[in-house]
Amino acid sequence: MSLDIKGFIETSLLDWDGKVIAVIFLPGCNFRCPYCQNIDLIDHPEKFKAIPEEKVLEYLESHRDFIDGICITGGEPTLHKNSGLTEFMKKVKQKGFLVKLDTNGSDPDYILELIKDDLVDFIAMDIKAPLDGYNKATNVKVNLRNIKESIDLLLSGKVDNEFRTTVVPTITGIAEIEGISQLIAGAKKYVLQQFEPENCKDIHLKTLKPVDAETMGKMLEVARIYVQNVGYRGK
């Protein structure tokens, strides 16, 4: 079974600190975050031409002199666990490349399976909100037990990882960042990402300005009370 790849970036220096990697995008998601930047990939994957996984594997092989590995993102990649994702990851690992997985943490059992089978080297988990704010932040009813299990799994240190939160005005304030930071206290790394209004799903958010530098600075300070290594990504 061939993995349904809908996007391919040959080289990225931004998706895995200290690594040069390729990035693939998988369609579909079980969340409907209003600030999502890849909404067409989720709601209208038919708009994107499928990219043969052989093309990706051949690229990695022919550029192994400088490519460290691959990032698998989406959408939500774990939705493809029964449609070729595991097999693709095995092929990448067999070629000697590193694998990074971006996930919303909704399938902790599959994440644990990947870790146990040594198929993933780094996991980046998006934390949308404190647990009591997840349904609002994602526009769906979320299985909070699964989210908490994924958080605890990464906190256990079984695989290198980072948590990250997109800071969205009207959704993510200082109180929310503190709640999230308490939830992941002691994490290896926590990254705050700046909201980008241009391409987000909810048209009402497109008129909002990202939080200013002063507010972001306060959020970073609050996060550092609970997580030593806190970073920032954005314009």
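The values are calculated or read from the model by the stated rules, or taken from the named source; none is laboratory data. Quick caveat, the model's predicted, so the values are computed rather than measured. Positions of Cβ are backbone-derived with ideal geometry, glycine not excepted, and every protein chain shown enters the neighbour counts.
Has region 218-231 got any residue that is of a type in the set (Ser, Thr, Tyr), over 18 Å from the mean Cα position of the chain (by Cα), in a helix (DSSP H, G or I) and over 23 Å from Asn30 (Cβ atoms)? Talk me through it step by step, then tell me what you get.
Just the residues of region 218-231 that are of a type in the set (Ser, Thr, Tyr), to begin with: 226.
Of the ones still in play, those that are also over 18 Å from the mean Cα position of the chain (by Cα) are 226.
After this cut, where a residue has to be in a helix (DSSP H, G or I) as well, the list is none.
No, region 218-231 has no match at all.
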Yes or no: Ser106 crowded, with 20+ Cβ neighbours inside 10 Å, touching a residue at least 60 places away in the same chain (Cβ under 8 Å) and small (Gly, Ala, Ser)?
-> yes
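Any residue at all in region 138-157 that is on the phi > 0 side of the Ramachandran plot, more than 17 Å from the chain's Cα centre (by Cα) and not β-branched (Val, Ile, Thr)?
If we filter region 138-157 for residues that are on the phi > 0 side of the Ramachandran plot, which is where we start, we get 139, 157.
If we keep only those that are more than 17 Å from the chain's Cα centre (by Cα) as well, we get 139, 157.
Of the ones still in play, those that are also not β-branched (Val, Ile, Thr) are 139, 157.
Yes; the residues of region 138-157 include at least one that is on the phi > 0 side of the Ramachandran plot, more than 17 Å from the chain's Cα centre (by Cα) and not β-branched (Val, Ile, Thr).
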Pick from Gly105, Gly18: which is under 20 Å from the mean Cα position of the chain (by Cα), on the phi > 0 side of the Ramachandran plot and either at pLDDT below 95 or of a type in the set (A, V, I, L, M, F, W, C) (or both)?
-> Gly18
What do you reckon, is Ile151 touching a residue at least 40 places away in the same chain (Cβ under 8 Å), under 23 Å from Gly18 (Cα atoms) and either crowded, with 19+ Cβ neighbours inside 10 Å or β-branched (Val, Ile, Thr) (or both)?
-> no
Over region 71-105, the set of residues among the aliphatic types (A, V, I, L, M) and either part of a helix (DSSP H, G or I) or within 17 Å of Pro27 (Cβ to Cβ) (or both) is Ile72, Leu79, Leu85, Met89, Val92, Leu101
